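The values are calculated or read from the model by the stated rules, or taken from the named source; none is laboratory data. What you see is a predicted model, and the numbers here were worked out from it, not measured in a lab. As a convention, Cβ positions derive from the backbone with ideal geometry for all residues, glycine included, and neighbour counts pool all protein chains shown. The protein model used for the area step is the full one, side chains on, heavy atoms only, and it has no ligands, DNA or RNA in it. Shrake-Rupley method; radii C 1.70, N 1.55, O 1.52, S 1.80 Å.
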Amino acid sequence: MASKLWEKNVTVDHDVETYTVGRDREMDLYLARYDVLGSIAHITMLQTINLLSADELATLTAALRDIYAEIEAGKFVIEEGIEDVHSQVELMLTRRLGDVGKKIHSGRSRNDQVLVDLRLFIRSEIEEVVHHLTALFRTLQAQSERYKHVLMPGYTHLQVAMPSSFGLWFGAYAESLADDLTVLRAAYEVNNRNPLGSAAG
């Protein structure tokens with residue numbers, strides 16, 4: 001079994017570790033592609049400050065892209081005894097490239113790495129939600145235009161009130177989605193910030 005990246009010369013109670021880790025490895029599979037993307041960005045930075053040679057950068061990048069392809073194909077797994085996605089990716093690189101694979105962890109906080117993965121994941125999920133909301137908005141707007149001349153009574157306190165149309169009814173839901181998109185944009189902007197250096201504190 002590979003040692004954990006954070007491991008020190010301290011014995012951790014097995015039951016406590018099992019309880020603490022729980023289903024982390026299973027959930028980490030959602031972060032796998034983002035962990036690889038974060039690693040590619042990190043090694044690119046390492047090369048700019050000469051902690052990696054150009055050849056090492058090219059070798060590591062190619063190997064990380066191969067791992068990304070495995071993730072996309074559904075072939076990536078976190079092996080039994082491997083703590084998390086970060087350890088699995090580094091282990092795969094080390095197996096394939098030797099010691100150069102270990103260099104992806106240079107100058108890197110594990111906690112910062114987790115935050116980067118989570119922020120990239122959340123950003124992608126927001127983009128996906130916005131894509132579907134935009135499609136629904138356009139559908140509602142099309143129905144609003146289609147039925148704008150089909151009248152319906154408006155109601156207030158269970159009484160017939162100002163006349164309306166099915167077009168306005170559809171349009172009201174479209175406008176509500178527009179408000180949701182504004183909130184999602186704000187969430188995206190708050191999330192889309194570099195967290196590096198914030199986790200250690």
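Given all pairs of different Cα atoms, what value in angstroms does the Kirkwood hydrodynamic radius of region 159-201 take?
Working: mean 1/r = 0.0722 Å⁻¹.
Roughly 13.9 Å, rounded to one decimal.
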- Accessible-area value, residue 162, 1.4 Å probe, nucleic acids and ligands omitted, Å²: 150
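Helix-only mean residue ellipticity at 222 nm, the chain, DSSP H runs n ≥ 4 weighted -39,500 (n - 2.57), per residue, nearest 500. What is it? Walk me through the intermediate numbers first.
On the way: 7 runs with 125 residues, N = 201.
Here the helix-only value at 222 nm equals -21000 deg cm²/dmol.
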- Task: Stick to the Cα atoms of the chain, pair each with every other, and give me the Kirkwood hydrodynamic radius in Å at one decimal.
- Result: 20.7
- So who's got an amide H within less than 5 Å of the one on residue 164, skipping anything under 5 residues away but keeping other chains? H placed 1.01 Å off N, in plane. 152, 154
- Dipole of the chain [Lys/Arg +1, Asp/Glu -1 at C-beta], most positive-end residue of 91, 151, 190: 151
- Ratio of Rg to Rh over region 102-201 (Cα coordinates, Kirkwood Rh, two decimals): 1.31
- Query: What are the ³J(HN,Hα) values, in whole Hz, obtained from phi via the Karplus relation 6.51 cos²θ - 1.76 cosθ + 1.60 with θ = phi - 60°, for each residue of region 51-63 in sequence order, with x given for Gly and Pro?
  - Reply: 8, 10, 7, 4, 5, 5, 4, 4, 5, 5, 4, 4, 5
- Task: Within region 58-120, list the GluC sites (Glu not before Pro) lying in a DSSP loop whose Cβ has at most 12 other Cβ atoms in a 10 Å radius.
- Result: 79, 80
- Candidate cut points under trypsin sites (Lys or Arg not before Pro) in region 129-201, DSSP loop plus at most 11 other Cβ atoms within 10 Å of their own Cβ, are 193
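Evaluate the charge dipole of region 49-181 about its Cα centre and quote only its size in Debye, nearest 20, assuming +1 on the Cβ of each Lys and Arg and -1 on the Cβ of each Asp and Glu.
Values: 13 positive and 20 negative charges, 77 e Å.
Once rounded to the nearest 20, the dipole reads 360 debye.
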- Task: Just read off the accessible area of residue 87 with the full protein assembly in place, 1.4 Å probe, to the nearest 10 Å².
- Result: 20
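Using unit Cβ charges (K, R positive; D, E negative) and no other charged atoms, how large, in debye to the nearest 20, is the dipole of region 48-106 about its Cα centre? Walk me through the numbers before you get to the answer.
Numbers: 6 positive and 11 negative charges, 38 e Å.
With only Lys, Arg, Asp and Glu charged at Cβ, the dipole is about 180 debye.
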- Message: Output needed: percent of Cα pairs per 10 Å distance bin for region 24-90, bins running from 0 to the one holding the longest distance.
- Response: 22, 48, 25, 5
